[in-house]
Amino acid sequence: MPQASTAVMARPAGASRQPSAGSDFAPLLRTVKSQGLLERRTGWYARSMIVNAAALTAVAVGMFALGHTWWVLLLAPALSVLCVRTAFIGHDAGHSQITGNRTAARLIGLFHGNLLLGMSVSWWNDKHNRHHANPNHIDKDPDVAADVLVFTSKQAGVRVGFRRWLTRHQAWLFFPLTLLQGIAMKVYGFRDLRRQSPRGRVVEGALLVAHLVGYGALLLTAMPLGHALAFAALHQALFGLHLGMAFAPNHKGMEMPDPDGERWGHLQRQVLTSRNIRGGEVTDWLLGGLNYQIEHHLFPSMPRPHLRLAQPLVRAHCHAVGMPYAETGLIDSYRQVLRHMYEVGEPLRAE
């Protein structure tokens, strides 16, 4: 695996690498608030949801129009992109970016997550909130817990059997495995029903089942069985790949706090573990604003269209307090992620 240059902005001369005090975040928070960047953009989100719903409807109509030809498979990539857009809306609702009304935010999440995607919003919010509280913390962040992939040499060292083989080759298998991510998230949601309250279990379970029935009915009424199976396989694989490509650059290969070391303040905990992706409006659209991962982690409730506006403020503040600010291009971010995973598995390949 070729080595990639680390795209981290230089630290000012004489700046310390010691953990910053929690108060380092307070001036930045005041500046962001004074510019209204934490105020919600309800109209922007309403328009986004309407456009997304219209686009999904158009694809569904196209499926009936082309369903009896193999040309219908051309709609699977379009549907996968729109499903990721739907997931981004659910993600933002879970962070209270769309509305401060908890009931309304939950309804938006249930509609876009459980019903439209078959992904449990309660499972996602529980997992994602724990990640936000302690990103890249090996004992507290579920996103870096040892599972199919591992993220530290300590995790790699205890792998056995088939999982040990996976770890040896995880850098090469990473993107192929993301093809299964969409299906895996549906399975995790059903498994999580056992953790939920009886009422939540009924509501979420019913919506998850409704999604499966509706999805199957749509495919089987729009096209023959063979076309439907091929469409579903392509759609779900591309959906998982797109999700993986949106989430992968954010934290993998970034610093991981020492569980036994000094506790980091909010600024350090969120900035040092996150990586931003440079790009214009197309990048913002494809990655759902997650390319401003540093700003998103510092201000989880900040509406998506404000993240770009907050970036210069956050970057300048990090430089002022001597905090590294990681930013790179999209392709280089994947190179860094794969390099990290390659290095984690390297000791096992030397056996």
Q: Select from segment 122-166 the residues that are surrounded by 19 or more Cβ atoms within 10 Å (Cβ to Cβ), in a loop (DSSP other than H, G, I, E, B), in contact with a Ser or Thr (Cβ under 7 Å, 6 or more places away or on another chain) and not polar (S, T, N, Q) and list them in ascending order.
A: 135, 150
Q: Collect the residues in segment 172-223 that are touching a residue at least 12 places away in the same chain (Cβ under 8 Å), out of contact with any Ser or Thr (no Cβ under 8 Å at 6 or more places or on another chain), over 16 Å from residue 244 (Cβ atoms) and aliphatic (A, V, I, L, M), keeping them in residue-number order.
A: 203, 207, 210, 212, 218, 219, 222, 223
(Q) For residue 317, only one of the following conditions fails: (1) closer than 18 Å to residue 31 by Cα; (2) free of Cβ contacts under 8 Å to residues at least 40 places away in the same chain; (3) open to solvent by 10 Å² or more (accessible area, probe 1.4 Å). What is its number? (A) (2)
Q. For residue 262, are the conditions met, namely being open to solvent by 40 Å² or more (accessible area, probe 1.4 Å) and of a type in the set (Asp, Glu)?
A. yes
**Q.** The listed residue being part of a helix (DSSP H, G or I) and in contact (Cβ under 8 Å) with a residue 60 or more places away in the chain, out of 339, 308
**A.** 339
Q) Can you tell which of 82, 74 is under 17 Å from the mean Cα position of the chain (by Cα), farther than 21 Å from residue 200 by Cβ and part of a helix (DSSP H, G or I)? A) 82
Q: Out of the residues in segment 89-107 that are among the hydrophobic types (A, V, I, L, M, F, W, C) and open to solvent by 30 Å² or more (accessible area, probe 1.4 Å), state the one that is farthest from residue 236 (Cα to Cα).
A: 104
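Would you list the helices (runs of 4 or more DSSP H) that sit entirely within segment 181-257 and hold 3 or more residues that are of a type in the set (A, V, I, L, M, F, W, C), open to solvent by 40 Å² or more (accessible area, probe 1.4 Å) and within 21 Å of residue 123 (Cβ to Cβ)? Spell out how you get there, then give the answer.
Numbers: elements: 181-192, 198-222, 225-247.
So the answer is 181-192, 198-222.
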Q | Per-region count, segment 40-79, residues touching a residue at least 12 places away in the same chain (Cβ under 8 Å), charged (D, E, K, R) and exposed (fewer than 15 other Cβ atoms within 10 Å of the Cβ) | A | 0
Q: Could you list all residues from segment 151-171 that are under 29 Å from residue 234 (Cβ atoms) and without any contact (Cβ under 8 Å) to a residue 60 or more places away in the chain?
A: 162, 163, 165, 166
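Among the candidates 86, 31, which residue alone is surrounded by fewer than 17 Cβ atoms within 10 Å (Cβ to Cβ), among the hydroxyl-bearing types (Ser, Thr, Tyr) and touching a helix residue (DSSP H, G or I) at 6+ places or on another chain (Cβ under 7 Å)? If you could, list the steps in order and put the result at the bottom.
On the way: 86 fails: surrounded by fewer than 17 Cβ atoms within 10 Å (Cβ to Cβ).
Just a single option satisfies the conditions, and that option is 31.
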Q: Scan 331, 294 and give me the residue that is in contact with a strand residue (DSSP E or B) (Cβ under 8 Å, 6 or more places away or on another chain), without any contact (Cβ under 8 Å) to a residue 40 or more places away in the chain and not in a loop (DSSP other than H, G, I, E, B).
A: 294
Q | Single condition residue 110 does not satisfy, out of (1) farther than 22 Å from residue 206 by Cβ; (2) assigned to a helix (DSSP H, G or I) | A | (1)
Q: Given the conditions (1) polar (S, T, N, Q); (2) open to solvent by 40 Å² or more (accessible area, probe 1.4 Å); (3) part of a helix (DSSP H, G or I), report the number of the one that residue 301 does not fulfil.
A: (3)
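The values are calculated or read from the model by the stated rules, or taken from the named source; none is laboratory data. Keep in mind it's a predicted model, so treat the numbers as computed, not measured. Every residue, glycine among them, receives a Cβ derived from its backbone with ideal geometry; neighbour counts consider all protein chains shown. Heads up: the accessible areas ignore ligands, DNA and RNA and are worked out on the full protein's heavy atoms, side chains in. Shrake-Rupley method; radii C 1.70, N 1.55, O 1.52, S 1.80 Å.
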